[in-house]
Each structure stands twice: as structure tokens, then as C-alpha cells.
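Participant: Would you mind keeping the following structure in view while I ask a few things?
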Amino acid sequence: MLANFNFRIIFEYLPLFLTGLKYTFIIAIVSLALALIVGIIACACRISGIKVLKYPAIAYIEIIRSTPLLVQIYFFYFGLPTLGITVPEIQTGIFALMLNSGAYIAEIIRAGINSVDAGQIEAGHASGLNYIQRMRFIILPQALGVTIPPLLGQAIVLVKDTALLSLISVMELTRSGQTMTSERFMPSEAFLTVAFFYMVIYFCLKPLADWSQKKLIFREAY
Amino acid sequence: MMSFYFGRLVEIFPFFLTGLWMTVKIAFLSLIICTILGFILGMMRASHNIFLKRIIGFYVAFARGTPFVVQIFIVFFIFPEWGLQLDAFPAAIVAMAIMGSAFVCEIVASGISSISKGQWEAAASSGLSKLQQLRLVIVPQSLKVIVPPLVGQYVLLIKDTSVVSVIGVTELTRVGWVTVIRIPEGLMVFALVGILYFMISYPLILLSNYLEKKMTV
Amino acid sequence: MIEFKGVNKWFGKLHVLNDVNLMVQKGEVLVICGPSGSGKSTLIRCVNRLEPIQKGEIIVNGMSVHKSSTNLTKLREEIGFIFQQFHLYPHMTVLQNIMLAPVNVKKITKAEAEKIAREKLERVGLAEKADAHPIQLSGGQQQRVAIARGLAMSPEIMLFDEPTSALDPEMIGEVLDVMVDLATEGITMCVVTHEMGFAKKVADRVLFMDEGKIIEIGKPADFFDNPQTERAADFISKILTH
């Protein structure tokens, strides 16, 4: 069924795919970095116990988790102009991805903190450490190991999520496939090539995530 | 201006409800298919047949490693070239089934592998066949580990149905997209779309949280 | 030193501490025993405010433990607490475990803290394990490190919450030896334990609790040989026939 597969045209369009790939990388890395910051702040607010910080953080996290990313992207893409804000699509896209992943990351970090044994916290109490000190010396160092595998998992999700920016005409990997399809109508060549590139990224990140998970289990098995 | 558009929005609200109904239909159908297919694949993946394991492993890697929107394009645009012409709605279901069953498969497989070897040995010692061991001893125990993340996965799958709007299925997101062209109030239109999704997803998220708590105790 | 005045505590409907009145003198070694669920662990966990109380007052060195104006850090500096499950920090070495509180709570220099830490390790007989991680130690060794960690703050009071219950039988001795050592040095100790040998040897008084109440309190010899209540007699016969 791939008898007519036209490799020549893929090479012809290779520069376009590579540009798309480059933007997919840039968008994913920038969004992930920003999402980490947002996630840490949101998590800190959520567990702070201060009502004016806690409830907005919960609302933000739950709203993001209960609505599709595509709807969030459209919300900002169609919504920001009505507020008189016009920015390039790529910025709108990164903003949406940042908010989306930020909410998931906040929950990942929170789960990591909750996973620290209550006895550890009590021991910190008993030796007179205050909240910040308990966080810094006892809870966070132990929570960090637990959060790394799911954070890498979120990074994998985020790379795939960048594909949705093609729908607001950001020139990333998926968009390059769409462009080729509309110019030559060769969807097989276009989308299988796109899929191939995503798989390459996946096969770089997935073993990393698995490895970190294994290391964690190994450490706990002591 | 805004209140004018708000009035228009109220007028065409039934249109949103038809979109919501379509979303529910797609979600419901594909969740059932994903669950059945995912359990079968997951049990096969947990078997010791290397060949089966490899094939399913590759399938899962494809489904998890590529964006859903690309998968939809493949089903909708490429399957016809291979002789499988599908309308938008069945194409959406097929794409959801391919993607979702892979995720369910992973959850089921890891749930099964969480059961200790002793349980398999005990079941084998009492003379049960491989399939019986799975069905009667292993799967019932692993349900405890499987169900909470499964419900969480359902939420993700329901939200993923929004992506099938790209091939022209008039579900909730597509309704928003069509509406925003006529009523240029992006915030209002997609806030409404978001609220309708929230109404479906949030109860499931709460259920998932509840199950997670209950199962870990 | 430690004074309980009409202390009451509930977990939901369960009345875990029922009008407890008690005075522990400076330098005294008090052994607390009783059936499981009698409230004995809760009793000492209230002393450094790991648990809140609903009624009454606990006074440690003139500080009212549960008053919100009490400086909790100051209070806890004066009280060492040893857990049944040790609760050493797994991501730190033995030495780091011991130095953490002196450096960050007492704010002494690292060099000084290390000197103290090594001294305390020496004292519990584990000087050579300074750079090990907790997972590399046996249960008995972990508990001795936990004791060293408690001692590093030079507390006036040490509280022990079933310190040997999580240990294999052959390791109980090494931990008790360290505790006997401490007892003869004049640190105030409250020890929740069923180790009656330890109680007979070093305890000044033995306290028997049941259902959140103090049933009996007295000298070890009196308590073991001549219990005043049926419940205490019953309990003693059960643990001694083992």
C-alpha cells in the first residue's frame, strides 16, 4: 500500500519539515520552561493555606484540567484581539501551552510533596525546623526524585500538544505537513513524515522517562 | 456591543447544545471501544509472547508518540488512499479508538504487572489455564490499580474529542469555531464552550480523585 | 519540668486523653506503658506539640506548650523526640542528619555542629558510620543515630515513642544500652515502652495507662510486684509471661 510512496517529494520539502521541527522544538522548550515557573508558583499558592492564594490557584488548575487545550488555544486566539491585544500567533500559542502545562505541573509537584512520608515531616517538627526549613531540607529534596518521571511524561505530552498550534497557523511540524498537503495533495508523504519526526522525539524522551522511573523504584526498593 | 452579542449568543444557544450532544456521542462511543480494545490489548501485552508484545508495543508507541491531530489526519486523509474511505464521524471514532485504546492498554498492562508473581503461581498451581489465571485471579485484583488512572484517562479522552473538529465533525469545539466567525466575541464564545466541557469533565475528575484516595487507603 | 494539668484530647469521638494530671521532675526517668490504643504515645506526642490538645494545659520548663504565643522552636530545642520508625532523612548521610537541626535551628557554625555530631555518634557507638546513608544501616543502628540526632540539640528532655518496637529482637539490646546510659546521666526521660527490664533497671517511676487515663503510677518495684489495680495486674502478667 506504500508502493506509490514518493520519497523525492519528501526530500524536496525537507527544508520545510526541518523548519517546522525547529519551531516545534523552540515552542516546546520555551513553553516547558515557562510552565515550570507557573506550575511551581501555582503549587506553592495551592499548598500555602492562605485563602486568597489557595482558591484562585485551585480554580486555575481545575479549569485548565477540565477543558480541552484546543478550546484554551482558541479562547486566547480569538479572545485576545477582542481585548485589543494583537500578538503573533506563536506567542498566543506559547501562552496557552504555558498555562495548560503549568496546571498539570502544579499537580505533579503537589503529588510529589504529598508523597513524602508524614513521619519525615514530624521528625522535622520535633527538631524545631520551621516551615521553610522543613520544605527546603526535608520535603523538597525527597519530593524532587518523585516528580522527575511525571515531569518528563509531561514534557512528552507538551511536545505533542504543540501540534495543535498548527490550527492557529503557527508554522511548526504539523503545519508543515498541512502546507505540503495543500500544495501537492500528497497526504501520505506529508503526514507520515510528520509522524516519523514526532516518533523520533518520542523515542528520545520516553527511555529517559522510563529510566528515571526505574531509578526511582530501585531507590525505594532499598 | 458586548450585550448585543450576548443576546445573539443566547439566541443560538441550541446550536451549542447540538454540539455538546455530538461531543457526548463521540466520547461515549469511543470510550466504550477504547476500554474493550484496551483491555484486550493490555492482557495480550502482559503475556509472554514476545512477538505479540513487540507489535502491541509499537502500536502503543505510535499512538502515544504522535499528536492526536496528526493521527486524525492520517485516518481521514491517508486511509482513503489505502482503500478505506470514511466519513468524518466514523473517522473520528476510529481515530479516537486507535489513540485511546493504546493509553488504556498501557494502564491495564501496568496494572497487571503490579500483581505479584506469587498470585500467578498460586493460580497456576490450582490448575487454571493462562486465560483463567488472568480473568479470574489477576485482572480482578489489578482493577484496584487500573480503575483510578482509567477514569483520569477518560477525562483526557473526552477532552481530546475537541480535536476531531479539524475534520469537520460539528461537535462542541467546532460549534465554537463556526460561531466565532459570526459573533466576533472570542472570549465569550469559547468561555461558553469551556463551561460546557467543564460540566462533563469536572465530575469525572472529582470521581477520579475520589477513587484514587479510596484505593490507596 | 513537665506538668500536665487536666489534659483532655479527642480524636473525633474517641477520648484519647482523659483528664491527665502528671508532674515529671527534672532528671526523672518515667516509663509509660499500657495496652495498645491506651493513649500513651499520644501523651508524649503532646509534650512537644506534635499533637494539639482540646482541654487543659501542659507546661514544660515554664512554657505553656499549646499556647499560640509560645515559641515552638525554643520549646522543641529543649526536647528530643525519638520515633518508633526512626524517621531518619533518607537523602542525607548520618552526619548530615545529626547536623541539620543544630545548624539551622540553633544557628551554630557547621564546624561546631560537626564536632558535636561526631561526639554524639561516638556516644552511641557509631562513629565509623558518619558518612553512611540511613539505608545502609540496620534498624538498631538507625535508631541509635536517631538518638544521636536528638542529643545533638543538647535537650533537657528526651521523649521516646516505643523506640524498640520496630526492631528485630537481636537489636533491641544495643538501643536499650544507649538509653540506660542516658538515664544514668540525668537527662529527663519519658519512655513509652514495653521493655520491663529497662523499666526495672532505670525507671524512677512507671506509669500505667488505659483508655486515655492514668490508672497507676509508682516505683517500678511496687508497680511490678504489687500492682494496685486489676487492669495493671492483668497487663503485667500478659507482658511478663512472654
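Participant: I'm trying to understand the selection: among the residues of region B:153-171, which are of a type in the set (Gly, Ala, Ser) and either open to solvent by 40 Å² or more (accessible area, probe 1.4 Å) or more than 17 Å from the chain's Cα centre (by Cα) (or both)? Working first, answer last.
Facilitator: From region B:153-171, those of a type in the set (Gly, Ala, Ser) are B:162, B:165, B:168; that's our starting set.
Within region B:153-171, just B:GLY168 meets the criteria.
Participant: Could I ask something else about it? Select from region C:161-186 the residues that are open to solvent by 30 Å² or more (accessible area, probe 1.4 Å) and under 12 Å from the mean Cα position of the chain (by Cα) and list them in ascending order.
Facilitator: Scanning region C:161-186 gives a single hit, C:GLU162.
Participant: Of the conditions (1) more than 26 Å from C:SER38 (Cα to Cα); (2) in contact (Cβ under 8 Å) with a residue 24 or more places away in the chain, C:HIS194 clears all except one; give me its number.
Facilitator: So the condition that C:HIS194 fails would be (1).
Participant: When residues of region A:20-42 are filtered for being open to solvent by 60 Å² or more (accessible area, probe 1.4 Å) and among the hydroxyl-bearing types (Ser, Thr, Tyr), how many remain?
Facilitator: 1
Participant: Name the helices (runs of 4 or more DSSP H) wholly inside region A:1-105 in which the number of residues that are of a type in the set (Ser, Thr, Tyr) and more than 22 Å from B:GLU185 (Cβ to Cβ) is 2 or more. Talk me through it step by step, then tell me what you get.
Facilitator: On the way: elements: A:7-12, A:14-48, A:51-66, A:69-82.
Qualifying helices (runs of 4 or more DSSP H): A:14-48, A:51-66.
Participant: I need a count of the residues in region A:170-191 that are in a helix (DSSP H, G or I) and crowded, with 17+ Cβ neighbours inside 10 Å. Walk me through it before giving the result.
Facilitator: Taking region A:170-191 as the starting set, the residues that turn out to be in a helix (DSSP H, G or I) are A:173-184, A:187-191.
Now narrow it down to the ones that are crowded, with 17+ Cβ neighbours inside 10 Å: A:173-181, A:187-191.
Residues that pass the stated criteria total 14.
Conditions (1) out of contact with any helix residue (DSSP H, G or I) (no Cβ under 6 Å at 6 or more places or on another chain); (2) open to solvent by 20 Å² or more (accessible area, probe 1.4 Å), marked per residue:
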position	(1), (2)
C:VAL24	yes, no
C:ILE32	no, no
C:LYS40	yes, no
C:GLY62	yes, yes
C:LEU72	yes, yes
C:LEU75	yes, no
C:GLY80	no, no
C:GLN96	yes, yes
C:ALA113	no, no
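Participant: Give region B:153-169 a look and list any residue that's of a type outside the set (Ser, Thr, Tyr), free of Cβ contacts under 8 Å to residues at least 60 places away in the same chain and touching a Leu at 6+ places or on another chain (Cβ under 9 Å), or say none.
Facilitator: As a first pass, look at region B:153-169 and keep what is of a type outside the set (Ser, Thr, Tyr): B:153, B:155-160, B:163-164, B:166-169.
Subset that is free of Cβ contacts under 8 Å to residues at least 60 places away in the same chain: B:153, B:155-156, B:159.
Within region B:153-169, B:VAL155, B:LYS159 qualify.
Participant: Would you point out the residue of region B:172-217, among those that are of a type in the set (D, E, K, R) and at pLDDT below 95, that is least open to solvent (accessible area, probe 1.4 Å)? Can you show your working first?
Facilitator: Step one: list which residues in region B:172-217 are of a type in the set (D, E, K, R), which gives B:174, B:182, B:185, B:212-214.
With at pLDDT below 95 added as a condition, the list becomes B:182, B:185, B:212-214.
Working: B:ARG182: 129, B:GLU185: 27, B:GLU212: 94, B:LYS213: 151, B:LYS214: 118 Å².
Taking the candidates together, the pick is B:GLU185.
Participant: Please state which one of B:LYS159, B:LYS213 is closer than 30 Å to B:GLU106 by Cβ, basic (Lys, Arg) and within 8 Å of another protein chain (Cβ to nearest Cβ).
Facilitator: Working: B:LYS213 fails: within 8 Å of another protein chain (Cβ to nearest Cβ).
Just a single option satisfies the conditions, and that option is B:LYS159.
Participant: Go through (1) within 8 Å of another protein chain (Cβ to nearest Cβ); (2) open to solvent by less than 20 Å² (accessible area, probe 1.4 Å); (3) more than 17 Å from the chain's Cα centre (by Cα) one by one and return the number of the condition A:LEU164 breaks.
Facilitator: With respect to (1) within 8 Å of another protein chain (Cβ to nearest Cβ); (2) open to solvent by less than 20 Å² (accessible area, probe 1.4 Å); (3) more than 17 Å from the chain's Cα centre (by Cα), A:LEU164 is out only on (3).
Participant: Scan region B:180-200 and report the pairs whose first residue is within 8 Å of chain A (Cβ to nearest Cβ) and without any contact (Cβ under 8 Å) to a residue 12 or more places away in the chain and whose second residue is among the polar types (S, T, N, Q) and surrounded by 21 or more Cβ atoms within 10 Å (Cβ to Cβ), with Cβ atoms within less than 8 Å and a gap of 6+ or a chain change.
Facilitator: B:GLY194/A:THR67; B:GLY194/A:GLN72; B:PHE198/A:SER66; B:PHE198/A:THR67
Participant: Determine which member of the set A:PHE17, A:PHE5, A:PHE11 is more than 30 Å from B:LEU172 (Cβ to Cβ), exposed (fewer than 15 other Cβ atoms within 10 Å of the Cβ) and within 14 Å of another protein chain (Cβ to nearest Cβ). Talk me through it step by step, then tell me what you get.
Facilitator: Numbers: A:PHE17 fails: exposed (fewer than 15 other Cβ atoms within 10 Å of the Cβ); A:PHE11 fails: within 14 Å of another protein chain (Cβ to nearest Cβ).
Just one listed residue meets the conditions, A:PHE5.
Participant: State all residues of region A:43-69 that are open to solvent by 20 Å² or more (accessible area, probe 1.4 Å), of a type in the set (A, V, I, L, M) and more than 14 Å from chain B (Cβ to nearest Cβ); if no residue qualifies, say none.
Facilitator: Scanning region A:43-69 gives A:ALA44, A:ILE47, A:ILE50, A:VAL52, A:LEU53.
Participant: Let me ask you something else. Return the residue satisfying two criteria in turn: it lies in region C:99-119 and is touching a Gly at 6+ places or on another chain (Cβ under 9 Å) and farther than 21 Å from A:ALA143 by Cα, and of such residues it is farthest from the other protein chains (Cβ to nearest Cβ). Spell out the reasoning first.
Facilitator: Taking region C:99-119 first, the residues touching a Gly at 6+ places or on another chain (Cβ under 9 Å) are C:100-101, C:104-106.
After this cut, where a residue has to be farther than 21 Å from A:ALA143 by Cα as well, the list is C:105-106.
On the way: C:VAL105: 4, C:LYS106: 8 Å.
Among those residues, the one meeting the criterion is C:LYS106.
Participant: If B:ILE36 satisfies every condition in (1) within 14 Å of chain A (Cβ to nearest Cβ); (2) open to solvent by 70 Å² or more (accessible area, probe 1.4 Å) but one, which is the exception?
Facilitator: The single condition B:ILE36 does not satisfy is (1).
Participant: Still on this model: Here are some residues: B:LEU150, B:LEU136. Which one is of a type outside the set (Asp, Glu) and under 18 Å from the mean Cα position of the chain (by Cα)? Before the answer, list the steps.
Facilitator: Working: B:LEU136 fails: under 18 Å from the mean Cα position of the chain (by Cα).
When all the criteria are applied, what remains is B:LEU150.
Participant: So which pairs qualify, if the first residue must be in region C:52-69 and touching a residue at least 60 places away in the same chain (Cβ under 8 Å), the second must be of a type outside the set (Ser, Thr, Tyr) and surrounded by 12 or more Cβ atoms within 10 Å (Cβ to Cβ), the Cβ gap must be under 6 Å, and the two must be at least 6 apart or on different chains?
Facilitator: That search, which allows pairs on different chains as well, returns C:VAL60/C:ILE2.
Participant: To continue, here is another question. Does any residue of region C:40-50 turn out to be modelled with pLDDT under 95, more than 9 Å from chain A (Cβ to nearest Cβ) and part of a loop (DSSP other than H, G, I, E, B)?
Facilitator: Checking region C:40-50: not a single residue is modelled with pLDDT under 95, more than 9 Å from chain A (Cβ to nearest Cβ) and part of a loop (DSSP other than H, G, I, E, B).
Participant: OK, next. From the list B:ALA27, B:ALA91, exactly one residue is in a helix (DSSP H, G or I), within 12 Å of chain A (Cβ to nearest Cβ) and of a type in the set (Gly, Ala, Ser). Which is it?
Facilitator: It is B:ALA27.
Participant: Name every residue in region A:70-104 that is more than 13 Å from every other protein chain (Cβ to nearest Cβ) and either crowded, with 19+ Cβ neighbours inside 10 Å or of a type in the set (S, T, N, Q) (or both), in order of residue number. Spell out the reasoning first.
Facilitator: Filtering region A:70-104 down to residues more than 13 Å from every other protein chain (Cβ to nearest Cβ) leaves A:87-91, A:93-95, A:98, A:101-102.
Within region A:70-104, A:GLN91, A:GLY93, A:ILE94, A:MET98, A:SER101, A:GLY102 meet the criteria.
Participant: If you take the residues of region B:49-103 that are of a type in the set (Ser, Thr, Tyr) and surrounded by 19 or more Cβ atoms within 10 Å (Cβ to Cβ), which of them is farthest from B:GLU171 (Cα to Cα)?
Facilitator: B:THR66
The values are calculated or read from the model by the stated rules, or taken from the named source; none is laboratory data. It should be emphasised that the depicted structure is a prediction, and the values quoted were computed from it without experimental measurement. Methodologically, a virtual Cβ is constructed for each residue, glycine included, from the backbone with ideal geometry; neighbour enumeration extends over all protein chains shown. Just so you know, the surface numbers come from the protein's heavy atoms only, side chains and all, with ligands and any DNA or RNA stripped out. Shrake-Rupley method; radii C 1.70, N 1.55, O 1.52, S 1.80 Å.
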